[in-house]
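Undergrad: One structure follows; several queries about it will come next.
The values are calculated or read from the model by the stated rules, or taken from the named source; none is laboratory data. Predicted model only: the values in this text are computed from it and were never measured. Methodologically, a virtual Cβ is constructed for each residue, glycine included, from the backbone with ideal geometry; neighbour enumeration extends over all protein chains shown. Accessible surface is based on the protein model in full, side chains and every heavy atom, while ligands, DNA and RNA are left aside. Shrake-Rupley method; radii C 1.70, N 1.55, O 1.52, S 1.80 Å.
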Amino acid sequence: MHIACKKCGATTSIESNFEVKYFGCPYCRSLFEIKEDLSLVKEFEHKPLNPILDIGRKGSIDGKEYEIVSMFVKKFHAIHYWREYTLKSKDDHYLYLSESEGHWILLEEIPDKFNVTRKYKKLTYNDVSYDLYENTHCRVESAYGFFDEEIPNTEIQIIEYIKPPYIVSIEKLGKEQKNYFGRHFSKREIKKAFGNPELPGKAGVGSVQPFLFNFHNVAIIFCCTAILILLTQLILNQNRQETEVLSKSFSFAEYNNKDFVSESFTLEGASAPMTISINSAVDNSWANAQVTLVNENTNEEESASQDVEFYHGYTDGENWSEGDRNEEFNICGVGEGKYHLVITPQKQPDDTSNDRITVKAVWKSPSMWNFFISILVMGIALGIIFFANKSFETTRWSSSDFSPFN
């Protein structure tokens, strides 16, 4: 189907065939009634919004090819405009694409009837409850393409109920009422369907634009994850107890600056810290133990050195002391395997009163610390998502007269 505009001479073409009663030229914004010839009805003065998707452009949605046959530009609240495209398939199935400030909604007419004579705050469709978002009037400001019915020249009542990413939209023109069900249609879907057209940027939050995360689903996932972590921790370590792998007192006369190699020991179960406790009767002196844990299966080594210091005295009429004769440290994340320890004791060279140092190594029961850290991290993440979602919804409803956040 081809129509040459009687005013500007530009030709607009589509492949779809249906009875066309009106034609709007996308180039000069003239509207014609089609009788025996093109009869000029009016020239639209509205200029801010031109078609983004050209009349006659084809696209594939849900595996079916559609052609854009017409487009309305509608205005409400005196300053807000949106584009509304009519898509037709070869088997005469119609879809409608609505675009406002870069946000797209794909709609389809439904046969269901709704009573909207009163401003009900809720509407139920397919057993799902929708919230009243908009109840206003709009006018057609421009019409481009091919139309099988008269272009409305009076106000159209628009009632919208939303449950993002879904919408139930109701249009009333006089006694006639049309009902539509739609969903958010992402820019990625638009580009995939229509061959990567150039699209306008988004402004604000769309009426049915979904938040990046579904808060309730994320909360359920986090709860299930926490339960699984806890159960795994309990199952893997139900028979685990603290295991003392070394307790030995070293004589400095025998081991000062000399290595002691322990007997081999086998650890079984989940990873846990190994606590090394050191004690020595230092008195205004220091002692030291260097501890090396050797994994005999991999030959990997972990070493640490710990000083034991204790000093005391009497200064300016006061007794003072610092340090401690007992110290301990952890070698973290010691997994199962076969190990031995290498201990190298030493003391202050001029200390003649201290003759020994005691080293004790205990493989601890697995700590619940990782579990609580996981809970804390998931709790913080969930809190961030909750407040981000609330801010997102507040922005969505800021342009509605029926906001639950007022």
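Undergrad: Report, by residue number, each residue of the range 123-153 that is open to solvent by 70 Å² or more (accessible area, probe 1.4 Å) and either of a type in the set (Ser, Thr, Tyr) or free of Cβ contacts under 8 Å to residues at least 40 places away in the same chain (or both).
TA: Selection gives Thr124, Asn126, Asp127, Asn153.
Undergrad: While we're here: Which of (1) surrounded by fewer than 19 Cβ atoms within 10 Å (Cβ to Cβ); (2) out of contact with any Asp or Glu (no Cβ under 7 Å at 6 or more places or on another chain); (3) of a type outside the set (A, V, I, L, M, F, W, C); (4) assigned to a strand (DSSP E or B) does Lys75 not meet, given it meets every other one?
TA: (2)
Undergrad: Continuing with this model, one more query. Can you tell me which residue within the range 78-97, out of those that are open to solvent by less than 30 Å² (accessible area, probe 1.4 Å) and under 16 Å from Ile110 (Cα atoms), is nearest to the chain's Cα centre (by Cα)?
TA: Leu97
Undergrad: Please go through the range 274-318 and pick out each residue that is of a type in the set (Val, Ile, Thr), part of a strand (DSSP E or B) and over 27 Å from Arg240 (Cα atoms).
TA: Taking the range 274-318 and keeping what is of a type in the set (Val, Ile, Thr), we get 275-276, 278, 282, 291-292, 294, 298, 308, 315.
This time we only want the ones that are part of a strand (DSSP E or B), so: 275-276, 278, 291-292, 294, 308, 315.
Residues satisfying the conditions are Val308, Thr315.
Undergrad: Same structure, new question: Tell me the residue from Thr225, Thr243, Thr232 that is out of contact with any Pro (no Cβ under 9 Å at 6 or more places or on another chain), of a type in the set (Ser, Thr, Tyr) and modelled with pLDDT of 90 or more, please.
TA: On the way: Thr243 fails: modelled with pLDDT of 90 or more; Thr232 fails: modelled with pLDDT of 90 or more.
Among Thr225, Thr243, Thr232, only Thr225 is out of contact with any Pro (no Cβ under 9 Å at 6 or more places or on another chain), of a type in the set (Ser, Thr, Tyr) and modelled with pLDDT of 90 or more.
Undergrad: Test Ala270 against the stated conditions and say whether it is out of contact with any His (no Cβ under 9 Å at 6 or more places or on another chain), within 29 Å of Asp350 (Cβ to Cβ) and touching a residue at least 12 places away in the same chain (Cβ under 8 Å). So that I can check it myself, show each step before the final result.
TA: Details: out of contact with any His (no Cβ under 9 Å at 6 or more places or on another chain): yes; within 29 Å of Asp350 (Cβ to Cβ): no; touching a residue at least 12 places away in the same chain (Cβ under 8 Å): yes.
Against the criterion (out of contact with any His (no Cβ under 9 Å at 6 or more places or on another chain), within 29 Å of Asp350 (Cβ to Cβ) and touching a residue at least 12 places away in the same chain (Cβ under 8 Å)), Ala270 does not qualify.
Undergrad: Name the residues in the range 256-274 that are under 29 Å from Gly335 (Cα atoms) and open to solvent by less than 60 Å² (accessible area, probe 1.4 Å), would you?
TA: Within the range 256-274, Phe260, Ser262, Phe265, Leu267, Gly269, Ala270, Ala272, Pro273, Met274 meet the criteria.
Undergrad: For Ile235, state whether it is surrounded by fewer than 20 Cβ atoms within 10 Å (Cβ to Cβ) and in contact (Cβ under 8 Å) with a residue 12 or more places away in the chain. Give the steps one after another, and end with the answer.
TA: Working: surrounded by fewer than 20 Cβ atoms within 10 Å (Cβ to Cβ): yes; in contact (Cβ under 8 Å) with a residue 12 or more places away in the chain: no.
Taking the combined requirement at face value, the residue does not satisfy it.
Undergrad: Does the range 256-265 contain any residue that is in a strand (DSSP E or B) and closer than 20 Å to Asp355 by Cβ?
TA: Start the filter on the range 256-265 by keeping residues that are in a strand (DSSP E or B), which leaves 260-261, 265.
Then drop every residue that is not closer than 20 Å to Asp355 by Cβ, which leaves 260.
Within the range 256-265 (the criterion being in a strand (DSSP E or B) and closer than 20 Å to Asp355 by Cβ), the answer is yes, since at least one residue qualifies.
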